[in-house]
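Before any comments, here is the structure.
The values are calculated or read from the model by the stated rules, or taken from the named source; none is laboratory data. No experiment lies behind these values; they were computed from the predicted model shown. Because the Cβ atoms are built from the backbone with ideal geometry, glycine has one as well, and the counts that use them run over all protein chains shown. Only protein heavy atoms, including side chains, enter the accessible area calculation; ligands, DNA and RNA are left aside. Shrake-Rupley method; radii C 1.70, N 1.55, O 1.52, S 1.80 Å.
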Amino acid sequence: MKPMRLLPGLLACVAALVAAPPAPAQGELPYARAVAERFSAPAVRYDTPGLQPWRGSYTSNAELRAALRELAARPQGPRLLAAGRSAAGEPIEALQYSRGPGRPAVLLVGQQHGDEPAGSEALLAVAQLLFTPAWAVLLDRIDVIVLPRANPDGATLGQRRGLHGLDINRDHLLLRTPEARAQALLVRAYRPLLVVDAHEHPVIGRTLQKFNAVQRHDLMLQYAMVANLPPELTRASEDWFRQPLLQALAHEGLTAEWYHTLPTTPGDLRLSMGGVQPDTARNVQGLKNAVSMLLESRGAGIGRLHLQRRVHSHVVAVRSLLTSAAEHADALQALQRQVDAQVAGSACQGEIVVLAAQTPTRRDILMLDPATGADKRISVHWNSSLELQPLVTRPRPCGYWLATEADAAVQRLQALGVQVQRLGAATELQVETWRETARIEAAWPNAPGTFEDGQGVRLLRVTTDRVRLPVPAGSWWVPLDQPLAHLVAAALEPDTSFSWFAHRLLPALDSAARVMMVPQQ
Ligand SMILES: [Zn+2]
């Protein structure tokens, strides 16, 4: 059955549920029929509670909970993992498919943004498919952990953010939200070699306003692109994962493009690839030395239109990524060991990039004419994340010192999986301290005030001074000769918008210091 025939009745039901404007009005398509006809239904039909043709709402949290329990209860079924609870107290649950110890793990995450349901419907379908022989064979080589709904509160409310008003996908360095902490827990416990993050991208809205065009591609993709990422991870992401993924999508008649967004400012016609800050799941998992892939199907703003195809795009992509992980299982394990050792081995040497930016370029991109559905080639200013411009660099320290009262920061580092040691005796350290040279107090777009008592983020420019610093027993030593060293630097170098100083998790500039010689203990 073509989804087109289902539309009038379904759209009538869902118009009220779609949070992101512009939702299609009752009984009408959000764009011309000729555009809709570019997106025919897939040959396969997926069968989750929220995908039933008579439904106006997606799989509810209660239905998801029941479905995961039903799968876990089957013979040789997966293990149900309790990763945490949402702000409203909803369980955040995953299924772990494992045929025994020693296999590398893959983590699949859906619906970090509550109003992007295709990811969780698709991952529930994947959880079912992992029982079929064609998929189950992958479990000979890899473990698969499926977390279909990372933001259950946002799903209930039909909103992007969680109940607390924070964007969970921007919270993977700060870990202020219980939802981001639940994902961090899974990553710490299972050290996945591949993490997949399933979202939806807006199809109309800004592209219609700015280019009189509709987004054309079934799936937008991007792997981790962030300063200090080992280049071996980028090569593996491209050669072992993205290239086969593009082929798998093409084989199914699905199209793909790099993930990109448009700014909210009217008249600003630049397109930007996904950001290069170490705060999103995609980039933070990369700095945990995993291959990390963002998938964005069409969806946000078009209600239930083409829902089977949107889910199909995710399922085809996930199958390709799991197949690649299984094919390269041994090489991936070797790669993660190598990258872990390489990062740990570079402490006290060379430079780290504290802040980097995208590279402005130009390129042509294909969209759709909103009236005729024909391809429309548009020449755009394109901020590329494929090549990073370092803006601030510093010598890579041997580690960081944290003051006794920086307990909150120590706990967050540990939640990220970082090793932190308490100094047993007073000592003197060779350090660099930061000195403020300029300050901008700014609102933080990720829900200003919610967690910061109405205070904005503290954006600083700093210079460093090399001093000998007497430090007391009971203060903290965070060595950089560990695999998550670059995540530590992202959190503790103070002069960025994502730093823990900016977000007041570190009370003052002198709550931390760059340690330039390993302390004698
Ligand atoms: Zn999203």
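Of the conditions (1) at pLDDT 95 or above; (2) more than 13 Å from the ligand (Cβ to nearest atom); (3) open to solvent by less than 10 Å² (accessible area, probe 1.4 Å), ASN151 satisfies every one except a single condition; which number is it?
(2)
Hey, can you tell me all the residues within segment 247-283 that are at pLDDT below 95 and crowded, with 18+ Cβ neighbours inside 10 Å?
LEU262
Hey, can you tell me all the residues within segment 360-405 that are more than 30 Å from TRP258 (Cα to Cα) and assigned to a loop (DSSP other than H, G, I, E, B)?
Selection gives ARG396, PRO397, CYS398, ALA403, THR404, GLU405.
I'd like the full set of residues that are within 16 Å of the ligand (Cβ to nearest atom), open to solvent by less than 10 Å² (accessible area, probe 1.4 Å) and within 18 Å of GLN277 (Cβ to Cβ), limited to segment 168-196.
Answer for segment 168-196, where residues must be within 16 Å of the ligand (Cβ to nearest atom), open to solvent by less than 10 Å² (accessible area, probe 1.4 Å) and within 18 Å of GLN277 (Cβ to Cβ): ILE168, ASP171, HIS172, THR177, ALA180, GLN183, VAL195.
How many residues are closer than 30 Å to SER40 by Cα and over 28 Å from the mean Cα position of the chain (by Cα) when one looks only at segment 380-410?
0
Looking at segment 379-400, I want the residues that are farther than 19 Å from ALA490 by Cα and have a partner that is open to solvent by 30 Å² or more (accessible area, probe 1.4 Å) and of a type in the set (Val, Ile, Thr) with Cβ atoms under 6 Å, at least 6 apart or on another chain. Which pairs are those?
TRP382/THR361; SER384/THR361
If a residue has to be within 16 Å of the ligand (Cβ to nearest atom) and under 17 Å from ALA248 (Cα atoms) to count, how many in segment 275-317 make the cut?
Residues flagged as within 16 Å of the ligand (Cβ to nearest atom) and under 17 Å from ALA248 (Cα atoms) within segment 275-317 amount to 10.
Tell me, which strands (runs of 3 or more DSSP E) lie completely within segment 69-179 with 1 or more residues that are of a type in the set (Asp, Glu) and under 18 Å from the mean Cα position of the chain (by Cα)?
91-97
Can we say ILE365 is touching a Phe, Trp or Tyr at 6+ places or on another chain (Cβ under 6 Å) and surrounded by 15 or more Cβ atoms within 10 Å (Cβ to Cβ)?
Against the criterion (touching a Phe, Trp or Tyr at 6+ places or on another chain (Cβ under 6 Å) and surrounded by 15 or more Cβ atoms within 10 Å (Cβ to Cβ)), ILE365 does not qualify.
Before we move on, is ALA82 hydrophobic (A, V, I, L, M, F, W, C), crowded, with 24+ Cβ neighbours inside 10 Å and modelled with pLDDT of 95 or more?
Taking the combined requirement at face value, the residue does not satisfy it.
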